[in-house]
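These notes concern the structure reproduced below.
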Amino acid sequence: IDYWVNGAVSDIETAELLITGRKYIEGLFFCHLTIEKIFKALVVKKTKQLAPKTHNLNYLCEIAGVVVSVENTLFMSVLMKYQLEGRYPEYFPKVPFVETVNNYFYKTKALFECLKQML
């Protein structure tokens with residue numbers, strides 16, 4: 001659990017550095033990693049087993065037994081498109097406006113803090 005939590009904490013810090021440095025796609029990739037890792041901590045807590053090797057936030061949420069709002073479910077789907085770019089070079093999402101990026105970052109932070117409270 002600590003491994004995943006520590007990784008998530010580091011990734012949200014990295015996301016902020018990248019976004020403030022105007023590396024928006026990379027920052028959003030780290031936003032996705034933050035949520036992925038905190039869900040993996042919750043999966044380990046619930047199942048007492050290693051977290052699965054998946055990047056699908058909605059699947060991890062389900063395995064962790066966490067119920068999130070419809071808004072957060074939709075937001076996790078948005079984050080999913082930014083994790084693809086970091087793993088698959090043929091997929092490159094359009095860079096959103098800076099206001100949208102900042103909004104996604106703040107939503108990531110809020111969701112992260114909410115999920116961390118469940119540990």
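The values are calculated or read from the model by the stated rules, or taken from the named source; none is laboratory data. Keep in mind it's a predicted model, so treat the numbers as computed, not measured. Cβ sites come from the backbone with ideal geometry, for glycine too, and all protein chains shown count toward neighbours. Accessible surface areas use protein heavy atoms only, side chains included; no ligands, DNA or RNA. Shrake-Rupley method; radii C 1.70, N 1.55, O 1.52, S 1.80 Å.
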Checked region 1-58 for anything out of contact with any Gly (no Cβ under 8 Å at 6 or more places or on another chain), of a type in the set (D, E, K, R) and closer than 15 Å to TYR82 by Cβ; matches are ASP11, LYS23, GLU36
Would you tally the residues in region 61-119 being in a helix (DSSP H, G or I) and either open to solvent by 30 Å² or more (accessible area, probe 1.4 Å) or closer than 24 Å to VAL44 by Cα (or both)? 38
The condition of being among the acidic types (Asp, Glu), farther than 26 Å from ILE1 by Cβ and free of Cβ contacts under 8 Å to residues at least 40 places away in the same chain holds, among GLU113, GLU62, GLU26, GLU99, only for GLU99
LYS45 versus (1) part of a loop (DSSP other than H, G, I, E, B); (2) in contact (Cβ under 8 Å) with a residue 12 or more places away in the chain: which is the lone unmet condition? (1)
Would you confirm whether any residue within region 109-118 is within 22 Å of SER10 (Cβ to Cβ) and in contact with a Leu (Cβ under 7 Å, 6 or more places away or on another chain)? yes
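Residues checked against (1) at pLDDT below 95; (2) under 19 Å from ASN72 (Cα atoms):
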position	(1), (2)
GLY7	no, no
ILE12	no, yes
ILE19	no, no
ARG22	no, no
ILE25	yes, no
GLU36	no, yes
VAL43	no, yes
ALA51	no, no
Could you tell me whether any residue of region 64-77 is within 18 Å of LYS23 (Cβ to Cβ) and among the aliphatic types (A, V, I, L, M)? no
Taking the condition aromatic (Phe, Trp, Tyr) and either under 20 Å from ILE12 (Cβ atoms) or modelled with pLDDT under 95 (or both), does TYR59 pass? no
Count - residues of region 10-54 that are loosely packed, with under 15 Cβ neighbours inside 10 Å and under 13 Å from the mean Cα position of the chain (by Cα): 3
